[in-house]
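The values are calculated or read from the model by the stated rules, or taken from the named source; none is laboratory data. Nothing here was measured: the structure is a model prediction, and the numbers come from that model. Cβ placement follows ideal geometry from the backbone for every residue including glycine, while neighbour counts extend to all protein chains displayed.
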Amino acid sequence: RDTINKIAAGEVIERPASVVKELVDNSIDAGATEIRIEVETGGKHSILIRDNGCGMSRADALLSYKKHATSKLTRIEDLDTVSTMGFRGEALASITAISKVEILTRPKEEITGTKMVIHGGKVLETSDAGTAPGTSIHVKDLFYNTPARRKYLKSDRNELAHITDTIMRLALANPGISFTLLSEGKQIIRNTGSNDLFKSLVNLLGPDTARSMMPLEYRTEDFEIRGYISKPEAHRGGSDQLYVFVNTRPVTSRTISTAVREGYYTKVPKGRYPVAVLALTLDPGEVDVNVHPRKAEVRFSQEKEVGNAVVRAVEKVLSEHGL
Ligand code: ADP
Ligand code: MG
């Protein structure tokens, strides 16, 4: 059973950035407005995530690391329309199976919090602990008991780049939440939450890139597309940079990235690369986000219509700017 858990964990947790993604998703689900992530050695030795979300009672904490323990799904029909980031109740079970975890958590309305220490799926300690409201989860020595997995990790620098990209996407998708990422104590990302996506662009992509971007808005009966795309003359670098969100969830979608390029290159000569941030809002029942355990590639029931709308949205903003 231990082995099965460890194998299953590998499906969800591929690298330190997957841990970061799952834990930050949980913090977002918990209603946090401030999330701080500290990593050492590209997350291999240490990942510490602290949030000011709803916290867990002792009973919730005792359940949280068990497989298929989720507080987010009460009826099977909800599977279709689930709007929270996670609902499969596997992330904490997977992470605690393959690392050494310390959880400190407290709901605001309780006086004392709970500390739990779990190594390789075994609970070593559960105790009362004083801690601020919210949850902090410290994940140490990822894959310490699955050496075959550990071997596939890349350099610290490469793993940190994956973590940075993950936080960039989550921060752009949730501009109202404050994100801070530190590596070896050094600040890598800082975005104070505000309802202004443009402020996030300045903080996350840098002021030059942000200033080169044109706001984009497009609506059909079934979906709404909002975001920014860079002016062709501002082009730098040798590849495009696309940040795509569906109902505030960072995703990848071949349909959408192909459509962005199609719209862009009807107006702009090849050899220039866009930076684009696109947030698509549509009926959650029309989106399938569960094609993969890591929940990245998304499918739409109206795949072609989504693609066409994105092409038109990009063409429209370029025409408005005289192209
Ligand atoms: P899921 O997110 O799919 O429910 P997880 O394994 O990621 O499953 O988390 C299990 C449960 O632990 C969650 O349903 C939630 O109740 C609790 N939990 C995890 N992280 C947090 C957090 N940061 N704040 C509050 N509750 C949390
Ligand atoms: Mg989760």
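A compact table of results
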{"read-out": "Top-ranked residue in the range 178-201 [being of a type in the set (Gly, Ala, Ser) and in contact with a strand residue (DSSP E or B) (Cβ under 6 Å, 6 or more places away or on another chain); ranked as farthest from residue 242 (Cα to Cα)]", "value": "183"}
{"read-out": "Number of positions in the range 143-177 that are outside any helix (DSSP H, G or I) and farther than 20 Å from residue 246 by Cα", "value": "8"}
{"read-out": "Some residue of the range 8-17 being surrounded by fewer than 22 Cβ atoms within 10 Å (Cβ to Cβ), modelled with pLDDT of 90 or more, within 14 Å of ligand 2 (Cβ to nearest atom) and not small (Gly, Ala, Ser)", "value": "no"}
{"read-out": "Matching residues in the range 205-230 - criterion: being under 20 Å from residue 267 (Cβ atoms) and in a helix (DSSP H, G or I)", "value": "209"}
{"read-out": "Qualifying residue in the range 157-166 (condition: over 18 Å from residue 23 (Cα atoms), in the same structural domain as residue 52 (by TED's automatic domain parsing) and in contact (Cβ under 8 Å) with a residue 12 or more places away in the chain)", "value": "yes"}
{"read-out": "Single condition residue 95 does not satisfy, out of (1) in contact (Cβ under 8 Å) with a residue 12 or more places away in the chain; (2) within 28 Å of residue 279 (Cα to Cα)", "value": "(2)"}
{"read-out": "Count - residues of the range 9-51 that are assigned to a helix (DSSP H, G or I) and away from ligand 1 (no atom under 13 Å from the Cβ)", "value": "7"}
